[in-house]
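To start, the structure under review is shown below, and the notes come after it.
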Amino acid sequence: MSSNSLEIVGAPGLKRRAKILVAKIGLDGHDRGAKVIARALKEYGFEVVYIGIRQTPEMIAKAAVQEDVDIIGISIHSGAHMVLIPELIEHLKRLNAEDIKVIVGGIIPWEDAQRLKSMGVSEVFTPDTPIEVIVEKINKLLAGKNVEQK
Amino acid sequence: MTFNKEFIEKLKSLIDQWERDKIELGYRDRLDRFTTDSGIKVKTVYTPLDIADSDYFEKIGLPGVYPFTRGIHYNMYRGKIWTMREFSGFGSPEDTNKRLKYLVEHGETGLSIAFDHPTLIGLDPDNPLAAGEVGVTGVSVATIEDMDLLFKDIDMGKITTNMTINPPAPVMLSFYVAVARSRGVSDDRIGGTVQNDQLKEFIAQKTWVFPPRSALKIGIDVIEWSVKNLPKWNPISISGYHIYEAGATAVQELAFTLADGIEYVRAMINRGYSVDDFAPRLSFFFVSGINVFEHIAKFRAARRMWAKIMKEWFGARKKRSMWLRFHTQTSGVELRAIEPYNNIIRITLQAIAAVLGGTQSLHTNAFDEALALPTEFSAKLALRTQQIIAYESGLADTVDPLGGSYYIEWLTDKIEEEAWKIIDRVESMGGMLNAIENGYPQREITESAYKKQKEIEEMKKIVVGVNAFKGELLEEEVKIPLFEVNEEQIRKHQIDKLKRFKSSRDGIKVKRVLAELERAAMRGENIMPYVYNAAVSKATLEEIMNSLKSVYGEWSEPILY
């Protein structure tokens, strides 16, 4: 879908701001991390849409397409990541939006992180990852897209 | 404290000389500014001058005596060690039952139930939204039968149980009481706590279901019913823990928690109760953080402030109404995923703060909780931490051992002063319910959370192994054995059981009692007798919650960040 978004850029050749959707997936309400990250990314200059807690995989995929984002940042502390994240990836496929990159942060054991990556998640951040590192990885994911890096 | 004039003058001149000498001798501090985690500036040293204006009898006094700064009981842990109450729950009720018994066998003295996310927001395990979450971060309890299994072979008349549950509190309390009664436990022996702190759900924790005003009404129903029926039950645990974990400072945690408490007291008074009828049953729940002295001072200030609020604002006469009795949990957000074994030390320091602060009961986290639920091993280690503090360290041998410390007394006064400012602000908005609807505490907490993160990123706050003293990680620090739950299997087990349960009951009766509940809720009656009746008539958690939702509606949270 980001192929669409390239067309809405103002003047040709001018890079637009990268857009990131931040959401809490599933039922857990631990939104501190999601809010801190959303605000930090905004301060770094990204366009950020935070849609809050209790979002289903389907709601997130739809919102991402509707908001025309480059990246989805998922925060999860419920331990349900191995069920909900693959579902999100599935919904993105169904919406032909596989070019939207998914990054995940939260309490994710090491083995699960490896499995999520093999399923198509671009990055998994465990607690204590400095925001700089997250931004650096986001920039890498954005390389090749007609968007500003931060 | 009262010092004579001569003493004060002598001390002042001594300090002046000392300050000059310090500079002359070239002593330099390694930081420009030392502060507590709440941002309170900390001086080089404290002396009687710092508490010279503080009246000993009014502010400090003795344990067991108003304003209870030093503790609510005369002899505190010399009489009875705090209750060791480890928050536990995972999988099916049968799974958690085993863990509870394991902990009791190892010396735990109270139970505390962690429910899974579907249960916390009132969903049965067969709800599609529960997929992936059944039994994962807590135990799945959807029926009276689940509650019975959870307490199999546990004497509910002897041990006290805390249940961390909020919007579904009326349902879970009904399940618990019904099971206890069915075993012949009389109401005056049913002891424990249901969290039932509806207001803080909107500020933190976020397991809200109903809109704030209805949630408050339901919470008060639980208090009213419990006060009438269960003399030993704590029908609310007014909680700061989640507020701190969501990002608040210790001062904000204290202020918002007491402000919530004030709102509940007013709501009960508005129902026609006199404060001494119910206040003795109110209980509290705070965090204990790594910034040891700040948390000790916070606990001391909390007791003094609540006693004053109850006595002076609400005219309480009973001593018990003035007591701030509280449970403490060591801070989870202060634990780190990197080098997780370091958390054992962090938890020990946090637990020491709770004990020196005079807690009535304590949960120590397990060191692996920044990664997963605790294993049997890490849960036992957490319990052992408490036992070592209680029985080996001598920390429990005298009451309020830090009382009279110039620093601690100064800091207690300072935290109290700062917290009153926030409470005044909430009062000026017309109380906590209005403040929440205005988003005031939510915004303040979000702001503090962001500030704390920045302090770590900018190295203003050192976190060992995280932003300082980093090194190559050893394999055994990265791949630690973690607790795993097989969610699919648990969900299937819970759903099968639920199906059998539903087919074994009188469906027409269930419909009737749910309709009665809805009508009572519409009339504005106390819903508890009707919820209880539904619970014993075998309505499920979700069915009862749906009836309540049909009357009260559901909350949708404004997005703030």
In a shell of Cβ-Cβ distance under 12 Å around B:Gly332, excluding B:Gly332 itself, what net charge do Lys and Arg (+1) and Asp and Glu (-1) give?
-1
For region B:120-211, which trypsin sites (Lys or Arg not before Pro) are both in a DSSP coil and crowded by at most 16 other Cβ atoms within 10 Å?
B:Lys152, B:Lys158, B:Arg183
Residue by residue through region B:393-408, the couplings from Karplus 6.51 cos²θ - 1.76 cosθ + 1.60 with θ = phi - 60°, in Hz, x for Gly and Pro, are 7, x, 5, 9, 8, 9, 7, 6, x, 8, x, x, 5, 4, 5, 4
Restricting region A:24-77 to GluC sites (Glu not before Pro) in coil, as DSSP defines it, with at most 12 other Cβ within 10 Å
none
Set of region B:495-510 residues, backbone N closer than 17 Å to the point 7 Å along the Cα-Cβ line of B:Asn546:
B:495-496, B:498-510
Going by C-beta contacts inside 10 Å, put B:Ser186, A:Ser122, A:Ser78, B:Ser393 in order with the fewest on the left.
B:Ser186, B:Ser393, A:Ser122, A:Ser78
How big is the charge dipole of chain B about its Cα centre, in debye rounded to the nearest 20, if each Lys and Arg gets +1 on its Cβ and each Asp and Glu gets -1 on its Cβ?
1480
Report the Cα centroid-to-centroid distance between region A:13-77 and region B:58-92 in angstrom, as an integer.
43
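Grab the Cα-Cα distance for B:Met522 and B:Val478, subtract it from 0.36 nm times how many residues apart they are, and report the gain in nm with one decimal.
Between B:Met522 and B:Val478, full extension yields 10.4 nm more.
Got a sec? How would B:Met84, B:Met268 order by Cβ neighbour count within 10 Å, fewest to most? Don't skip to the answer; put the middle values down first.
Numbers: B:Met84 23, B:Met268 20.
Arranged by neighbour count, lowest to highest, B:Met84, B:Met268 become B:Met268, B:Met84.
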Mind checking B:81-91 for the average number of partner chain beta-carbons within 10 Å of each residue's beta-carbon?
0
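Counting only Cα atoms, I'd like the Rg/Rh figure for region A:53-121, Kirkwood definition for Rh. The partial results should precede the final answer.
On the way: Rg = 11.2 Å, Rh = 12.0 Å.
The Rg/Rh ratio comes out at 0.93.
Per the Cauchy relation, a quarter of the hull surface: what is the mean projected area of the convex hull of the alpha carbons in the protein assembly as shown, in nm²?
Details: hull surface 136.2 nm².
The directionally averaged projection comes out at 34.1 nm².
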Can you tell me the FRET efficiency between B:Asn486 and B:Ser13 if r is taken as the Cβ-Cβ distance and R0 is 56 Å, rounded to the nearest 0.05?
0.20
Percent breakdown of C-alpha pair distances by 10 Å bin, ordered from the shortest bin, for region B:58-448
5, 24, 36, 27, 8, 0
Using Cβ contacts closer than 10 Å as the measure, can you line up B:Glu58, B:Glu339 from fewest to most?
B:Glu58, B:Glu339
Cα convex hull of region B:327-405: how many Å³ per residue?
96
Given a Förster distance of 41 angstrom, what is the FRET efficiency for B:Met459 paired with B:Asn127, based on the Cβ-Cβ distance and rounded to 0.05?
0.35
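Can you pull the mean other chain C-beta count within 10 Å for peptide B:128-137? Don't skip to the answer; put the middle values down first.
Numbers: counts 1, 4, 3, 6, 15, 8, 1, 1, 9, 8.
Counting other chains' Cβ atoms within 10 Å and averaging over B:128-137 gives 6.
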Modelling each spin label as a point 7 Å along the Cα-to-Cβ direction, I'd like the B:Arg512/B:Lys152 distance in nm, to one decimal.
3.2
Whole-Å semi-axes of region B:53-212's equivalent ellipsoid (Cα gyration tensor)
33, 21, 14
Antiparallel content of DSSP bridges confined to chain B, in %, to 5
5
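Return the average number of partner chain Cβ atoms within 10 angstrom of each residue Cβ along peptide A:19-31.
Taking the mean over all residues of the peptide, I get 5.
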Counting every C-alpha pair in region B:473-539, the percent lying more than 19 Å apart is 58
Charges on Cβ only, +1 for Lys and Arg, -1 for Asp and Glu, centred on the Cα centroid of chain B; of B:Ile352, B:Ala169, B:Thr364, which one is farthest towards the dipole's positive end?
B:Ala169
Computed over chain B: longest principal axis from alpha-carbon atoms vs helix B:169-182 long axis, angle to nearest 10 degrees, is 70
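Expressed as a whole percent, how much of the Cα-Cα distance distribution for region A:17-142 exceeds 17 Å?
Values: 3966 of 7875 pairs.
Tail of the P(r) past 17 Å holds 50 percent of the pairs.
Every number in this text was worked out from the coordinates using simple rules, so none of it is lab data. Owing to the predicted nature of the structure, the values given are computational and were not obtained by experimental measurement. Methodologically, a virtual Cβ is constructed for each residue, glycine included, from the backbone with ideal geometry; neighbour enumeration extends over all protein chains shown.
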